[in-house]
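Heads up, the thing below is written out as structure tokens.
Read the figures in this text as sums done on the coordinates, not as results from a lab. These numbers were taken from a predicted model, which means no experiment stands behind them. Every residue, glycine as well, gets a Cβ built from its backbone with ideal geometry; the counts of neighbours run over all protein chains shown.
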Amino acid sequence: MEWSSKAITGASLALLLCGLDTVARADAIPYPHFGTPNTASYAFTAAETGEIIACFAGAGAVFDLQLGLLVNGVDTGVVGLDNKTSLDLGHANAGDALTFVLHNLSLNKLAYSDPTLNVSYDVDGSVGHQHVYSTPYTATSPILDSIPAGTFVSWADQPFPNGDFSYNNLNFVFTTVPTTGVPGLGDGVRKPPELPA
């Protein structure tokens, strides 16, 4: 069988498009600009009314780090996650503003996902250094253990201007789990959902 140049070009184009489709679906994890400060701005909100669940997705920190949450600027009082499967950070209503808090226990300082709050964390005392990187997590590529789809967030824990700007010191994926119809979540007792093994 003899292939025409049109058939070869068509087949090549089809393979290229299939490859592009695969790349287009890949999540941008890890931070793609290692060594460069992230200048993106994020406004995290609760997708629906329920519990904000953080699923641990890895860490590469020298410091002792834990995660907390402000909902509409109010601390939920929950701190943890270090190497745990998941943590219920507290309740939020649909549309509530979520500000994640990095508790750097080694430095006894707090960094926030809202860069305007990081003045006291950073060495130079300047305003607006971004300590998080975030991207949608679709649970397709890469696959992070058995973590469900949600929003991936990773931290750069070094006070600016120091650090390697790797944004991989504490990584998690958060989702909102509705309290309605979930045993243990509608009764005031917070129980994070079990993740599949």
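Counting alpha carbon pairs within less than 8 Å and at least 6 residues apart, what relative contact order, in whole percent, applies to region 88-150?
Working: 60 pairs, mean separation 11.2, N = 63.
Dividing the mean separation by the residue count of region 88-150 yields 18 percent.
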**Q.** Length added when fully stretched, Thr36-Thr138, from 0.36 nm per residue minus Cα-Cα
**A.** 34.2 nm
(Q) How far apart, in nanometres, would the label points at Ala94 and Thr116 be if each is projected 7 angstrom from Cα along the Cα-to-Cβ direction? (A) 2.7 nm
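Charges at C-beta only: +1 for Lys and Arg, -1 for Asp and Glu. How large is the resulting dipole of region 44-177 about its Cα centre, in Debye rounded to 20?
Numbers: 2 positive and 13 negative charges, 18 e Å.
Its charge dipole is roughly 80 debye.
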Q: Find the centroid of the Cα atoms in region 58-91 and in region 141-163, then give the distance between the two in whole Å.
A: 13 Å
